[in-house]
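The values are calculated or read from the model by the stated rules, or taken from the named source; none is laboratory data. Being a predicted model, the structure only gives us computed values, none of them experimental. Positions of Cβ are generated from backbone atoms using ideal geometry, with glycine treated the same way; all protein chains shown enter the neighbour counts. Heavy atoms of the whole protein, side chains included, go into the accessibility calculation; ligands, DNA and RNA do not. Shrake-Rupley method; radii C 1.70, N 1.55, O 1.52, S 1.80 Å.
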Amino acid sequence: MKRRLMLAAAAVLFAAAAHAQGSDWPNRSIRMLVGSAPGGGTDAFARAVADKLGPAFKVPVIVDNRPGASNTLAADLTAKSSDGYTMVMGVSTAHAIAPHLLKLSYDNDKDLVPVAFVGSVPNVLVVSNALGVNSVAELVAMARKEPGKLNFASSGSGSTQHIAAELFKEATGTEITHIPYKGSGPALLDLVSGHVQMSFDTLASVLPQIQAGKVKALAVASAQRNPKLPNVPTLAEAGVKGVEMGAWYGIYMPANTPKAVQARVHDEVNKAIAQADTKARLEAIGAEVTPMSQAQFAAFHNAENKRYAELVQRRGIKLE
């Protein structure tokens, strides 16, 4: 009896603390973790949102880059946080793909909660200028001529870049070597310098290099051409069918975060991405901004996990 009373009292105290946290939150700085190095698409989405959340919450929102383990290091740190002041700019790599390829030390569905969807970008097939190819057909011919000689960079094993390239290899009957990096930033440095020959990076990460002429875009891995690259064909238009890949981004928080805090973050993120300057900032990197309710984001999260689980199993995709 005494034990039951103690447990009941603890539950009441926890509920009261959670309510208090929800009512006066935030009263100190917030940390937004990013699972890749500065300069990539996830980092760009995070900073665009964080720059608006700080003034909205009247506290600093600090972007904290923690690259590694297919973006899951940041997710892991977020899942294990209990301070109510930690969130992660989630990306499909970590929250829809990695759970089916990696042994995680947290539960992607139970320890984290989808809070606010932000948007998505397509992957783009880009090649080093030093490679000397001008079309997908030329690239495929080169890869078939010398199997295994070409290599492709990715932001990490299990990333959308990695999976897009594996699907491309299967669709074209080519053998191309995977070189994983800790984020798009360092991968792009080696692509520009010619140390790697190709990549299926996200448009958000690679668009500045394309526009500056530092790399060459051969095709977008989407159903339609992207407004930022109107003269670049889709892979289907270039003769490679069935390879469509994009990355999506959204805020996740620890599952024990009070509902009132989740709701406030959701509302402020949606207000932020509705603002003309934020929307323009994201669209400038080829993003499609797509507001969702929290329930819609949760349903989307579940659907994407199911889709990638089936894709990974069907294609036999494994990590090196």
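For the chain, treating each Cα as an identical point scatterer without solvent, what Debye log10 I(q)/I(0) comes out at q = 0.11 1/Å?
-0.67
How many percent of all Cα-Cα pairs in region 174-273 sit more than 19 Å apart?
More than 19 Å apart: 58 percent of the Cα pairs in region 174-273.
Sort Glu146, Glu170 by accessible area with a 1.4 Å probe, largest first.
So the residues, ranked largest to smallest area, are Glu170, Glu146.
For region 122-238, what's the radius of gyration and Dmax over Cα atoms, in angstrom?
12.5, 34
Helix 160-172 against the longest principal axis of the chain: what's the angle in degrees, Cα atoms only, rounded to the nearest 10?
Helix 160-172 sits at roughly 30 degrees to that axis.
Among Met32, Met142, what's the order by accessible area (1.4 angstrom probe), most exposed first?
Largest to smallest exposure gives the sequence Met142, Met32.
With the cut-off at 14 Å, report for region 87-131 the share of all Cα pairs above it, as a whole percent.
Of all Cα-Cα pairs in region 87-131, 62 percent lie more than 14 Å apart.
Alpha carbon centre of region 111-151 versus region 189-263: separation in Å?
Answer, in whole Å: 9.
Evaluate the Kirkwood expression for the hydrodynamic radius of region 52-135, namely the inverse of the mean inverse distance over all pairs of different C-alpha atoms, and round to one decimal in Å.
Hydrodynamic radius (Kirkwood, Cα pairs) of region 52-135 is 15.4 Å.
Within a Cβ distance under 15 Å of Ala37, other residues only, what is the Lys/Arg minus Asp/Glu net charge?
That works out to -1.
Calculate for the chain the 222 nm mean residue ellipticity that helices alone would give, adding -39,500 (n - 2.57) per DSSP H run of length 4 or more and normalising by residue count, nearest 500 deg cm²/dmol.
Estimated from H runs of four or more residues: -13500 deg cm²/dmol.
Could you work out what % of the accessible surface of the chain is carbon and sulfur, using a 1.4 angstrom probe and leaving DNA, RNA and ligands out of the count?
The nonpolar share, carbon plus sulfur, comes to 55 percent.
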